[in-house]
1. For a paramagnetic label modelled at 7 Å from the Cα of A658 toward its Cβ, which residues of region 707-731 fall within the zone defined by backbone nitrogen distances under 17 Å?
2. Can you compute the modelled spin-label distance between A389 and A338, with each label point 7 Å from Cα toward Cβ, in nm?
3. Can you pull the accessible area of T297 for me, 1.4 Å probe, Å² to the nearest 10?
4. What is the distance, in nm, between label points placed 7 Å from the Cα along the Cα-to-Cβ direction at E130 and at R802?
5. Across region 263-279, in residue order, what do the Karplus-derived ³J(HN,Hα) couplings come to in whole Hz, using 6.51 cos²θ - 1.76 cosθ + 1.60 with θ = phi - 60° and x for Gly and Pro?
6. Identify the GluC sites (Glu not before Pro) of region 303-365 meeting these criteria: DSSP loop state and at most 13 other C-beta atoms within 10 Å of the C-beta.
7. Which cross-chain or sequence-distant (5 or more) residues have an amide H under 5 Å from the amide H of N460, H modelled 1.01 Å from N in plane?
8. Could you calculate the contour length gain from E244 to K96, that is, 0.36 nm times the residue separation minus the distance between their Cα atoms, to one decimal place in nm?
Amino acid sequence: MSDTKTKTPLTLGGKGKLELKKTVETGQVRQSFSHGRSKVVQVERKRKRQFEIGADGKVQEVKAPPASIKAKAEEALLKEVQHGTLTDDEKAHRLKALQDALKADEENARIAEENAKREAEESARRAAEEKLRKEQEPEPVAAPAAPAAPEGRAPAPEAKITPATATTAAADATAPRREAVEEEEEEEAPRRKPKTGHKPPTVNKRTEPRRRSGKLSISSALEGDDAVERSRSIASMRRAVDKERRKAQLKQPMNTDKVVREVVLPETITVQELSSRMAERSVNVIKSLMKLGIMATINEVIDADTAEIVAQEFGHKVKRITEDAVEDSLKSGEDDAAAMKTRPPVVTVMGHVDHGKTSLLDALRSANVVAGEAGGITQHIGAYQVRTAKNQKITFIDTPGHEAFTAMRARGAKVTDIVVLVVAADDGIMPQTVEAIKHARAAEVPIIVAINKMDKPGANPNRVKTDLLTHEVVVEDMGGETLAVEVSATQKINLDKLEEAIMLQAELLDLKANPSRTAEGSIVEAKMEKGVGSVATVLVQRGTLHVGDIFVAGAEWGRVRVLINEHGKQVKSAMPSAPVEVVGFGGTPAAGDDFVVVDDEAKAREVSEYRRRKIREKEHVASVGGSTMEQMFAKIKAGETTELAVIVKADVQGSAEALNGTLAKIGTEKVKVKVLHSAVGPINESDVTLAKTNGAVIIGFNVRANAQAREVAKRDNVDIRYYSIIYEVSDDMKAVLTGMLAPTFKEAFIGYAEVREVFNITKVGKVAGCRVTQGVIKRGCKVRLLRDNVVIHEGDLSQLKRFKDDVKEVREGYECGMGLANYQDIQVGDMIECFEMERVAATL
């Protein structure tokens, strides 16, 4: 690259032979690469031959020396045309092609000259700017002089300046000075290379300029490194800004005031929750517990007393709350009588599945179809409202299997106001009909009997009314208070009378609610819908439910996002007794859970966490065999139970009647057996649910529970007892009732002792020296102190000694020392009467 000797190219000579010849115009172009490397390239500019048509019509060349092989080729072609070696067509074709080539060459030459002129002007402008910039900058340190050319080497010939070499010269003029230094070093490197063959270590001189970094662009190559100013990166500028901000924060005075918070502590709390409520680091809280001698992890549960000590140590105020306070915060007081308004009744339709319950519901719906709404109202949810002919609303709830109805009653939520009992006129009372009566009676709601299928030929309503008497349901026709309506769902007969009976019963109940308060209600049913999440049907009981309200439902909480009525339309609010479908639950609640609107999310989350913890504790309680009976005995001892609730299932009706008669004879006025349900058949899931609700014992006489019932009984801790002999049932129930009676105690006399002397002993008090005159005196017995046959004290015997030794008893004729508990007024001549209290078991 350092050798600048010009090489003679190969050209065509004057005689058409290939020979060496000097170029017309030559020059050098320096190429720059990354890491400061450069290369010198020889450049040759070739002139193009130009032709023109002369006055005689022949093609002749513009007088100019041939500059290249192309020019020689064109000249040979012209000679062929002139000598006539080609045909006329070939001459014309080649002449036309030659003219086109000449025009293209002329255009290219013109464009090249314009570009060269423009580049020359641009190079002159940059040279002027560079000169002006150097005049303004201080004088740089002079670079070392270039070494002289060695002997025997001729200096590089001067290149003739042409328009083509002008651009190269301008680029060389703007190249940075460091490239010149590097080129000189590269030229001298072969001469300084040691003969040992080892590569000398590279030494970076401080005076050397830094090598080029980054990408090499055309503008940077033309302008040079000096023209490109180095700019700071964005990361560097960001670090500088952060550094200035930290300096400003250090200059500001630090706020060292301790923030005192009011920490609410339940009965138990985890270390993590305590640190969160105090806004302290969990590590510091654990260190504080270690100082108290408690080794706890972040998930450890500590009691309220320990948490209070830790909170006070950190300087916070403590507010103690009990577990019941969380539930009590949801309870609201009685509503103002002036704000109460009449609400629609809530009716539950119950009965045997084959007695036309579904048909009756469909008939009630179709009777209220709005004009233009073909096909009837689609039942989107399990509850809906209908409007009577008198523009009165009735809310109906469909509870198949009665599962949701029982769960609601178990939680103390009185959702249903009236029960419509559907009985088929041609079929009469069926087992599920009796079960529905039991459920309605346990819920303490009035019953309206709807005798269906009156359009059939074998309908006999009188037989139905008579059969109801055996189940203590007396209709008005027979002197009772229960309303009965004869209807036909298929023919839509007397549906208006059924609605009138419902409204009449609602007027007697005087159903009212306050719509201007926060909403409360109950979950009728809940499900998980794809793409929507947990959706529940809520029956509003008090207040008005609005979109956006925050609520708690059982162990779940959420915010009302959408309210949908029974017609599938979105509404903004729901009034009392209105069933709506609520979207916005955090999880799926259970049927029968209470639904309460709260003030904020914090309270809702607190109640939800408390209820979930209670559910987990209940699930983890280990059950020991017969636990339900043991729990019942515990309630009996505590005086909480005066009735023994049982559910009887037998193999035949005779056995069931016999068991009912036997159980009815057992008991007294204080305690008795209450048969909640008696039926024929195996023990099913409904029986277990009823037993769990009322805390009853299931008696299976020659029957067994099915798999589903056993699983539910095991889960809900319900006691199922199997018998095959009726006397065993009677004996067990008598034993249970006997245990329910309060025990009696009888006083038993054991002996007399006469006081002969009274001794006053230090630190003990007065001790009576006595002689046993009758019976025996026992340590720990009850005593009465008699003076002149008058009882002046009754208490316990604290000490009994013979000489200096404590003894268990002293018989008649022996002397002893006796001390009375908490009594010192003992005189000589007094008589001490001793007795024991014997426990006598109560009997029926």
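The values are calculated or read from the model by the stated rules, or taken from the named source; none is laboratory data. Bear in mind that the values here come from a model prediction, so they are computed numbers and not experimental data. No Cβ is skipped: glycine too gets one built from the backbone with ideal geometry, and neighbour counts run over all protein chains shown. To get the accessible areas, we keep the full protein, side chains included, count just its heavy atoms, and leave off ligands, DNA and RNA. Shrake-Rupley method; radii C 1.70, N 1.55, O 1.52, S 1.80 Å.
1. Residues passing the 17 Å test: 722-731.
2. Each label point is offset 7 Å from its Cα along the Cβ direction, giving 4.0 nm.
3. 80
4. Computed distance between label sites E130 and R802 equals 13.6 nm.
5. 3J(HN,Hα) across region 263-279, in whole Hz: 9, 8, 10, x, 5, 9, 7, 7, 5, 5, 5, 5, 5, 5, 5, 8, 6.
6. E334
7. So N460 has HN proximity to D426.
8. Using 0.36 nm per residue and subtracting the Cα-Cα distance, I get 45.5 nm.
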